[in-house]
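The values are calculated or read from the model by the stated rules, or taken from the named source; none is laboratory data. Since the structure is predicted, the reported quantities are computational estimates derived from the model, not experimental observations. Here the Cβ positions follow ideal geometry from the backbone for every residue, glycine too, while neighbour counts run over all protein chains shown.
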Amino acid sequence: VSTQSTGYKVGFWATCCNSLHILSPFTVMARRYDSRTTIFSPEGRLHQVEYAMEAISHAGAAIGILTNEGIVLAAEKMITSKLLEQGTSSEKMYKLDNHVACAVAGITADANILINYARLATQRFLFSYQFPMPVEQLVQQVCDLKQGYTQYGGQRPFGVSFLYAGWDKHDGFQLYQSDPSGNYGGWKATAIGKNNSNAQSILKQDFKEDMTLKDAQQLAVKVLSKVMESTTLSSEKLEFGVLTRQNNKTVFRSLTKKELDELIKSTTIENTDAK
Amino acid sequence: QMCIRDSINAEYGTKDFVNNMETAIGIKLKDAVLIAVNTDCFRSIVKLNDADKIKELDRTKILAAVGEHGDREAFCEYIQKNVSLYAIRNNLALSTQGAANFTRHELAHALRSGPYNVNLLLGGVDEDGPSLYFMDYLASLNKLNFAVHGYSSNFILSTLDKYYKEGLSVEEGFHLLRLCINELKKRFLVRNVAFLVKVVTVAGVSVTTLNVEDVQV
């Protein structure tokens with residue numbers, strides 16, 4: 001493996017596979033091509049981008065659900081130590097402008113750079129056009145930045161996926177997901193981070209077109225409980241954000257501890273009733 | 001006898017100050033915006049007789065400019081292309097408000113390096129109805145019911161103040177315009193031969209030429 005690689009090393013997999021004497025999912029040839037972001041592998045893949053997505057799959061889960069009444073963003077907080085001072089700052093949810101917010105999964109430091117960039121983009125737009133930036137345009141700007149890091153500069157991609165929740169005059173409530181490759185998609189419900197494939201399949205089963213915001217919040221709790229590592233669900237481990245329209249204004253609010261406790265209680269009660 | 005603004009310009013030696021001899025009139029109607037600009041364009045001893053100073057930004061927006069000829073053409077075309085680019089990129093046209101503020105922003109951006117010596121009137125119709133925006137070469141912006149650029153404003157604004165009403169039809173708008181031109185015909189030093197009038201509605205832009213000698217009120 002080249003020592004000059006600036007990207008993610010396949011170290012973990014290589015060690016595991018070497019010790020178990022099995023073939024790694026990445027062929028041996030891949031090692032030669034994975035250290036530079038700016039080149040394709042012979043199989044036509046960008047390994048650094050894939051490794052970035054692998055990094056995100058170790059991060060705390062985040063879920064987004066779109067309803068006619070608003071959008072729910074729910075996330076699992078990775079609390080590494082009791083000694084951590086939680087405070088008011090969030091590690092998963094951020095407001096990008098008055099009408100757009102996002103949830104993060106991945107490397108927090110990388111996320112901070114991109115969030116700052118997104119916030120600049122929204123304010124630059126507002127400064128120039130004097131109306132709120134349409135949500136899709138913001139997503140495109142951030143994604144164009146992410147894509148740049150997969151094609152030139154020789155720097156590694158950002159190890160972050162985002163869920164963007166926003167409202168604009170033309171398209172109403174919208175939910176988008178972006179990943180390190182710079183691709184994005186609009187979703188009715190989606191999940192990123194740990195166990196996101198599990199979460200996605202549960203969402204696919206239980207999502208209904210005309211859900212109320214309350215239903216969506218309960219669904220989010222249900223999905224997170226099934227997908228999180230810890231067996232007991234408590235409000236300390238969760239972060240919930242809700243984007244709604246009130247009095248002709250878009251409002252993004254984090255649920256308080258009390259509201260979260262009530263939500264968890266009401267969801268588990270309903271589930272046991274159903275049983 | 002120049003007004004203070006012109007004397008300041010002359011003092012700072014701006015390349016070719018906005019000469020104010022041209023006239024641009026904008027009137028907001030019930031479902032449309034009417035903008036009329038004189039068709040003469042002169043500098044030193046040379047005159048153009050058939051200048052079209054109103055650029056169509058898209059189907060429902062027009063940008064009228066008076067001032068230095070080169071800046072007018074370059075700036076209006078630049079704005080028109082950017083409005084077009086926005087619509088193509090985002091599959092969605094800019095609102096009149098968005099276009100007006102973008103235009104002002106560009107004027108402001110250039111102001112401290114290479115300013116555009118143009119005074120503008122932007123008129124458009126969108127889902128919020130008709131709107132008329134007044135911008136000057138120093139990058140100010142105002143949303144108004146009616147507006148005039150040039151020395152002729154000293155005469156026309158009084159007429160518009162007296163006779164303008166909300167919800168005028170296009171015919172009433174033209175009548176009001178004729179009243180204004182009549183005022184100029186009578187009292188303004190500069191003799192205008194014709195005005196090019198563009199009316200923008202949801203359906204699009206209609207163009208008329210109004211010969212000043214035919215204006216009888």
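In the set A:ILE264, A:ILE192, which member is surrounded by 13 or more Cβ atoms within 10 Å (Cβ to Cβ), under 29 Å from A:THR80 (Cα atoms) and modelled with pLDDT of 95 or more?
It is A:ILE192.
Quick check: is even one residue across the stretch A:120-131 assigned to a loop (DSSP other than H, G, I, E, B), within 14 Å of another protein chain (Cβ to nearest Cβ) and without any contact (Cβ under 8 Å) to a residue 60 or more places away in the chain?
yes
Test B:LYS47 against the stated conditions and say whether it is over 17 Å from the mean Cα position of the chain (by Cα), surrounded by fewer than 20 Cβ atoms within 10 Å (Cβ to Cβ), more than 14 Å from chain A (Cβ to nearest Cβ) and assigned to a strand (DSSP E or B). Give the derivation first.
Values: over 17 Å from the mean Cα position of the chain (by Cα): yes; surrounded by fewer than 20 Cβ atoms within 10 Å (Cβ to Cβ): yes; more than 14 Å from chain A (Cβ to nearest Cβ): yes; assigned to a strand (DSSP E or B): yes.
The answer is yes for B:LYS47.
Quick one: which helices (runs of 4 or more DSSP H) lie wholly within the stretch B:85-188 and hold at least 3 residues that are within 14 Å of chain A (Cβ to nearest Cβ) and of a type outside the set (Phe, Trp, Tyr)?
Correct list: B:96-111.
Residue check: is A:VAL100 closer than 29 Å to B:PHE102 by Cα, within 14 Å of another protein chain (Cβ to nearest Cβ) and buried (at least 16 other Cβ atoms within 10 Å of the Cβ)?
Answer is no for this residue.
Return yes or no: is A:LEU145 within 14 Å of chain B (Cβ to nearest Cβ) and closer than 18 Å to B:ARG89 by Cβ?
For A:LEU145, the condition - within 14 Å of chain B (Cβ to nearest Cβ) and closer than 18 Å to B:ARG89 by Cβ - is not met.
Does the stretch A:134-169 hold any residues that are polar (S, T, N, Q) and crowded, with 23+ Cβ neighbours inside 10 Å, and which are they?
A:SER161
Is it the case, given these coordinates, that A:GLY60 is surrounded by 16 or more Cβ atoms within 10 Å (Cβ to Cβ) and modelled with pLDDT under 95?
yes
I'd like the full set of residues that are outside any strand (DSSP E or B) and under 18 Å from A:VAL104 (Cβ atoms), limited to the stretch A:187-199.
Passing the criteria: A:TRP187, A:GLY193, A:LYS194, A:ASN195, A:ASN196, A:ALA199.
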